[in-house]
Each structure stands twice: as C-alpha cells, then as structure tokens.
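Chemist: First the structure, then my questions, so here it is.
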Amino acid sequence: MRGLGASPNIVLVVADDLGIGDIGAYGGRLIRTPNMDLLATQGVRCESMYAAAATDTPARAGMLVGRFGARYNLPASVSADSAVGLPLDAVTVARLLRQTGYVTGLFGQWRLGARAGQHPLDHGFDRFAGTLYGTDVAPLTWYEGKVAVETEFDPAFAARRITQNAMDFVSEHREAAGARGEGRPFFAVLSHLAPHAPFRAEPRFFGTSRAGLYGDVVEQLDHYLGLLVRHLREARHGRRTLIIFTSDNGPRYEGRTQARRGRKPEVFDGGVRVPFLATWTNGGRNMVDRVPRSLLDLTPSLCALAGAGTPTGLDGADMSPLLAGHYAPERGPVFLFYNEYLNAMRSGRWKLHVAYGSQSAYSRVYMPQLFDTEADFRENYNVANLHPDVVSRLQARLDRTAADVAAEAAARSEKEMA
Amino acid sequence: MTTTALSRRDVLKSAGAAGLLAMAGTGQAAAVGDTPTTTPNFVVIFCDDLGYGDLGCYGSPLVRTPVLDGMADRGMRFTDFYAGSPVCTPSRAALLTGCYAPRVNLGRVLFPGDTNGLAAHERTIAEYLKDAGYATACIGKWHLGDPRAVPEHHPLEHGFDRFFGLPYSNDMDPLPLYDDREVIAEPPDQAALTRQYTEQAVSFIRDHADQPFFLYLPYTQPHEPLASEFAHRSAAGSHGDSVEEIDHYVGVLLDELTNLGVRDNTCVIFTSDNGPWYVGSSGDLYGRKAETYEGGVRVPFIVEWPNSTPAGVTYRAPAHLTDLLPTLLSATGIDLSPDRVIDGRDVLPASRAGNRPNEATSSTTTTAGRPATATPSAEATGSCTSAGSAGRTSPDGTSRPPRRPHNCSTFSAIRRKATT
C-alpha cells in the first residue's frame, strides 16, 4: 500500500432533486439553509455544475463511475421490478479508493440495482446502510449490508438515520485509527432520499418552513447536514476531511431553479444545474467557480486527491486543483443525456440542444436550438441563425460523443443478450 | 340577435362627443334617445405565442420593441393580464366571446378538418359592434373553426365584414390564405404575412375612417414556424426577428391612424394569446405555453387610448382576456345580451381610476378545459396554488418579479386539520 499520509478523508453528501435556487448561498430567500450556506462561505462554490445525467440512476452512475450512465443501458430510475443495474465492470470511485487503502461506506439511497452483483457491497463499499430506492417506492426496505432489517421504513426519518449511520462510521473509524491518526482514510457517501417527491418530513419539521412540505424537507436536510459537519470538525482526525455537498440533478415538481428554463428531467439548465459546495474541515480559500463542469468529474477528481490511479476512458475531467483550493482548471464541453439520448451540450457560453425528450421526429422539428448563456441565461432565444458556424462545430462534437456512447451501449446490450 | 338601442344616426352624431365623455371618466354613457354615446374605434392586435418577457417594456434583454414601448409610455401597461388559456383556440374564443372557452365549447385546439367551431349562437365583439354600426375586420389567424370543413365557421359568419388570413395555426397543413371567402394562396409565403396583414389592415382603416371601426388583428407570428422579412436583424434570433417586425408594423398602423385623423378616437390594444412555445421569454415567470403556470397564461397587455386611458401607467391588478368584450361594449354603451353568462368584467372604470376591479378571482382554463383558479391578489388570504400569485410591488414602485411559489396547499390543509 502506498503512503496515505496526505490522502484526505472524503465525505460526499448527495441530495435527491434539490433545487439549486433553494439554497441561501445560491440566492434562495424562502427556505432556511444555514448549514449549506456556511459550507458555501468556507470553501468552493460552483455556479455552473451540471448533473451527470437528467435523472436519478444514470446521474448516480455517472457520479460514482465517472462515465456516462448511458453507456450502461440504465433506466431513468431503477424501480422495484427492474432487473437492470450497474454492471460489475463499471468501476466506482469507491472501489478505486478502497484499492488505494481507503475504508468506504455508502449510507442512504443506492438506486443502481437490486439484483446479484448490483449491490453497493459488490461495488467497492465496505459498509452499506440504506435503501435500494427512494421515497417514490413503497414499502421501502432498510438494509444493513445485504440484510433487510426493516421492511416498512418511513423515509421521513431517512435523513436522520443516514446521518447517524455516517457519523457512527466516522467515529468508529477514528477510534480504530488511534489518537495519532494512523490508519486508513475514509470515503463516506451520504445519499439522501430528500427532497425527492413524495415529500416526507419528521413531525418536528412539519409545517415549520415557509415553503410548504418541500421546504420542511429541505430545512430538515440542512439540519442534519449541520450535525454531520460539526461531527466531522470535532472528530479530530490526523488527516483533514473534504466535505462535498451536491444534488443528483435539478428539482422536479417543486424547488427553485434560479429562474432558469425547465426542470428535471429536461436538459434545459433548470433541470440539470446542481449546487456544488466543497469545503475542508481545516479551512481553506473561499472560491466561486463559474466554469461549466459535470458531476462526472467527481471520480477522477477524488482519485487525484486521494493519490489513487485514475483509470482511462472516463468521461469526467479532473477538477482536483479546484477542490484543493489551488486554481480552477478549464474543462471541455459538458454533455447532457436524458436516458440514452444526448440532447444537449454546454460549451463555454453556448448551450446547444439537438432534440427533446426521447428524440421523436416531432421533438426535432424546431431544432437545433443554440442559446447564448451569457446574453440569455434563460435559454429563451434560439440564435442558431446568427451563429451557424458554432452550431456546426458543436453539433459535430456532440455527434461524436453520442456515437461513441451508443456504440458501447449497443455492444453491452448484445453481450447481455448472448 | 338582439339589436341595441342605438341607431346609426346616434352613432355618427356622437362621434365628436366621444372624447369629452371619455375624459369625464364615465365608463358607461347614458343611451337615452339621441343622447350622444362614445364610439371609439378599436384596434386589437393579438399576437401568437408572444411571451410575457418578449417586449422591451416587459424587460426583454435582447428583443427591441421601440414602438410598443412607446405605446406603453403613452398608455397603460398591465403587469398581471391573463390570456384566455395557455393555448390558441380557447384563448381566442375567450377574447371574442367574453366567455371561458369551455363555456362556448372551444376548450381545445382546433385542427384542419375539425367540425367543431364557434357556434352561430355565440355573439362575438364584432357582432355587437357591427349591430351598432361599426365596420369590422378580422385580419390574421382565426382558429375558431375550419371554414372548409364547416362554412358557418367562417369569420364573415361571426360579425366580421372583412376577413384576410389563415383559418388556423401556421404550422398546420393544408394552409390556405383567405381573402374574404376566397383562397388566394395555399400555402402563402409566411415571411410576408406580417407585412401583408398590416397592408390589409391599413387598407381597411382607410376605407372606413369616417365611421367607427373595429379591427381585430391577430398576427400569425411569432408562432412556429418563425418567418419574417426582418430575418437576421434581431439579437434574439428568429423569434426576435418576428417580434421586431411586428413592432415595426404596429408603428406603421399607428402612423396611419394619425394620418387619417382618427388616432385620438382610437383605442389600440396589444396583447398575446398565451405564453411562449419553443422559444421566446416568459420573463421571470415560470412555465410556458400549454401550462397553467404563470409563464403560460400571463401575457403582455398594452392599451393606448388618447384622452381616455391615463398615460404612462403600469396597472397591476389582474385582468383577463374575457374582460375585453364587456369592457369594449361598456365603452360604447352597448348592452350585453341578457340571455347568457359572460365571464368577463368591465375593467374600464377601475383601470381608468387605477383601482382594482371588484372581483377577486379570475380563472384560466387548462388545455382540457378544466379551470385552474388563480387567486390573483396579494390580499388573498394565505392560500397559494401552483398557478401562482401576482408579483409584489416594492416601496419604490418597481414590481418584484414573481417567483414560482412552493405548493402551500398541503401544508394549509394539514395545518387546518392539526388545529381543529
């Protein structure tokens, strides 16, 4: 095992369908998010972070593997009766970090499969406590490892239980490491069920916010984030800890999108822009980053921070210099998939849409749409007629990626049939 | 059809007195024998899929509309004006009949060959005004029945003396361009339509400048497919080209009214049938065409009526497209037919005085014809729906952009239950 002296602990907190505009630090005024806001002032805040995909399952695959979920023929959202899930040859960041010497845990919603070989423990996590689905599936089973311990778990208590499990994991690990902080770094993922619909809040949060039940759930989420962060700061490890807070994708039925167009599962900015806050427990520079990036970047970035080798063939880029507080690297285009359809991309100031939804002929009628996000952040005015050169250039780039992903997906599909 | 108490002689005699009565601020004129009544000309410019945020005076950062901005400066601009529906046909039905579209059986978008359309029994603004001696014209998009399928659905059967335009949306097929009852092109050159409609409108006004006239001008643009003779001029792409071209031709129309000496006696209204579709802006509002969120149903509304509407006023109380019929009739002293329900209200007295109209709620129908009730004013007690609430005014008078509210209904219901 190579030296892990400088490898940080990493805690990744992922909300489900949280509106970026609901966070105070992103301009929200109605919902109280003091803990998220505090994180924002103490570290990196990304203003142009995009989801890895437009919906739950491929978004989560993208985050954990650093490759487009569309490569793996994943459904929009794994449901109780689907047999599809993350295949074993999809190497997660958990597996990569574990190979480097980390101890890894996932707490909360998995949503990447329920069959053999599709479990978190099959994908590089030493510990799992959580659910295979989200609040939209009932009854919901709570697992410890692969064992079902509660078959009618009330998601109202998910934020609490997820946070408690994660804090216990961190504490156990600290005790095992000893006072001098020897031992292995940890990688913990808190995969919240909130605030995905239907909204479930604990009685004590019920009716307390000014934004209805959705607001109650977000304020509850923020409360538990606060407990987690305090716990991490007090835990006095020998090594520093990086806390990342984000959402799998944009808001659906409720939640603010900063007045941008669209909502989940659309690839207009309102559906795919997500909050992204990254803070070190031992302090760091407050930086606001505006470069368009993708949550696909998590895998290569966390590997780089951890000193782990990064596999080739990833779709994400390495943004670790930004997370380390050094500088903000440039990044290439961000590709936005809705299921297997590559419908849009962001490149610099331009946002190109080539199709909508499932790419029916009808959905392509008034495409392509080229938006200038600097002059028109609401994606209201198609200026393709004014910039045909930009359209050709971006379209060619998009077509290349779409073809590459489709080819891999087709090959996998054939292999599965065979 | 019942006739009104006015005779043609009354109408012509009263033309000069119109301005005086209007300045006195009385919405209703006494129609007793030969007493003069107000007989302003009406021009209603009705765009297709033009969004709340698509005009300069409504905050568009990219679309330039100097003529319409000027109208707003000289007249009134409504911040909370609601279309009849989030989609074409029902919105147009609401405008012409003063009724919610489902009430007149036009709750859904019509397509070529459909046998449904505006019933003979319904009375349009044009029929009322024509009976009162007005010359009437519909120039542009009809979309209240396919005359090829059912001849009785032709605009000339519904109170219009003159029709020039398309029977439905410009993305439908076949696409015949009518000149009265004759099809003169199929399909027409769509880029030329905004100009052609304006030419026909100018022609109509010239022919009838010495009598009261009602010009209903439902432009086909900026409904897709976008087409304009102003191509590539706007920083807002093709949608901007179409809107800027319309702005230019509204200017041509206003100049014509001035040249003919009828500008001071003409009420010019500009609005849209619903929110923006594939492109176009609903400003800060959430939602677009075909949705009952604010962005789908709140539309620009500007009225310039010299010596009648106050100048440079931003009117913030909610109003609705069904209000047009009763308001225009009230301004002319024409009574509504008593044999039917009219959903709109006369907003003239209130808007002139800057007050809120009496009623607190207005309704917008969904595409399936079910009402989605909007509680429009901030006075409404505590309940908010996903259809949104009106923007609030800051102390400095600027309107705070309305935000898409969170759904409070669950909370309200639960709180009520908890406290009982």
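The values are calculated or read from the model by the stated rules, or taken from the named source; none is laboratory data. As the structure is a prediction and not an experimental result, all values here were calculated from the model. So basically every Cβ, Gly included, is an ideal-geometry build from the backbone, and we count neighbours across all protein chains shown.
Chemist: Filter the stretch A:353-388 down to the residues that are touching a residue at least 12 places away in the same chain (Cβ under 8 Å), outside any strand (DSSP E or B) and among the aromatic types (Phe, Trp, Tyr), then identify the one that is nearest to the other protein chains (Cβ to nearest Cβ).
Modeler: Step by step, filter the stretch A:353-388, then rank; the result is A:TYR366.
Chemist: Still on this model: Looking only at helices (runs of 4 or more DSSP H) that fall completely inside the stretch A:30-139, which ones have 3 or more residues that are in contact with a strand residue (DSSP E or B) (Cβ under 8 Å, 6 or more places away or on another chain) and within 26 Å of A:GLU408 (Cα to Cα)?
Modeler: Here the list reads A:56-65, A:93-100.
Chemist: For A:PHE276, only one of the following conditions fails: (1) in a helix (DSSP H, G or I); (2) crowded, with 22+ Cβ neighbours inside 10 Å. What is its number?
Modeler: Exception for A:PHE276: condition (1).
Chemist: Select from the stretch A:208-227 the residues that are of a type in the set (A, V, I, L, M) and surrounded by 20 or more Cβ atoms within 10 Å (Cβ to Cβ) and list them in ascending order.
Modeler: A:ALA211, A:LEU213, A:VAL217, A:VAL218, A:LEU221, A:LEU225
Chemist: In this structure, does A:ALA25 turn out to be modelled with pLDDT under 95, among the small types (Gly, Ala, Ser) and surrounded by fewer than 22 Cβ atoms within 10 Å (Cβ to Cβ)?
Modeler: no
Chemist: Additional query: When the stretch A:136-169 is examined, which residues are found to be within 25 Å of A:GLN99 (Cβ to Cβ) and modelled with pLDDT under 95?
Modeler: Across the stretch A:136-169, there are no qualifying residues.
Chemist: Now for a separate question. Filtering the stretch B:201-211 down to residues that are in contact with a strand residue (DSSP E or B) (Cβ under 8 Å, 6 or more places away or on another chain) and closer than 18 Å to B:ILE45 by Cβ, which residue is farthest from the other protein chains (Cβ to nearest Cβ)?
Modeler: Filtering first and then ranking leaves B:HIS208.
Chemist: State the number of residues belonging to the stretch B:234-264 that are within 14 Å of another protein chain (Cβ to nearest Cβ), in contact (Cβ under 8 Å) with a residue 60 or more places away in the chain and either under 13 Å from B:ILE205 (Cα atoms) or in a helix (DSSP H, G or I) (or both).
Modeler: 4
Chemist: Right, another one. Has the stretch A:83-95 got any residue that is of a type in the set (Ser, Thr, Tyr) and under 21 Å from A:LEU242 (Cα atoms)?
Modeler: The answer is yes; a qualifying residue exists.
Chemist: Testing A:GLY262 on (1) more than 14 Å from chain B (Cβ to nearest Cβ); (2) part of a loop (DSSP other than H, G, I, E, B); (3) within 30 Å of A:ALA197 (Cβ to Cβ), one condition comes back false. Which one is that?
Modeler: Status for A:GLY262: all satisfied but (1).
Chemist: Going through the stretch A:1-19 one residue at a time, which ones are outside any loop (DSSP other than H, G, I, E, B) and touching an Asp or Glu at 6+ places or on another chain (Cβ under 9 Å)?
Modeler: Of everything in the stretch A:1-19, those that are outside any loop (DSSP other than H, G, I, E, B) and touching an Asp or Glu at 6+ places or on another chain (Cβ under 9 Å) turn out to be A:VAL14, A:ALA15.
Chemist: In the stretch A:305-352, which residue that is among the small types (Gly, Ala, Ser) and in a helix (DSSP H, G or I) is surrounded by the most Cβ atoms within 10 Å (Cβ to Cβ)?
Modeler: Checking each candidate, the answer is A:ALA306.
Chemist: Collect the residues in the stretch A:228-257 that are of a type in the set (Asp, Glu) and buried (at least 23 other Cβ atoms within 10 Å of the Cβ), keeping them in residue-number order.
Modeler: A:ASP248, A:GLU254
Chemist: Just wondering, is there one or more residues in the stretch B:313-322 that are surrounded by fewer than 19 Cβ atoms within 10 Å (Cβ to Cβ) and not in a loop (DSSP other than H, G, I, E, B)?
Modeler: There is at least one residue in the stretch B:313-322 that is surrounded by fewer than 19 Cβ atoms within 10 Å (Cβ to Cβ) and not in a loop (DSSP other than H, G, I, E, B).
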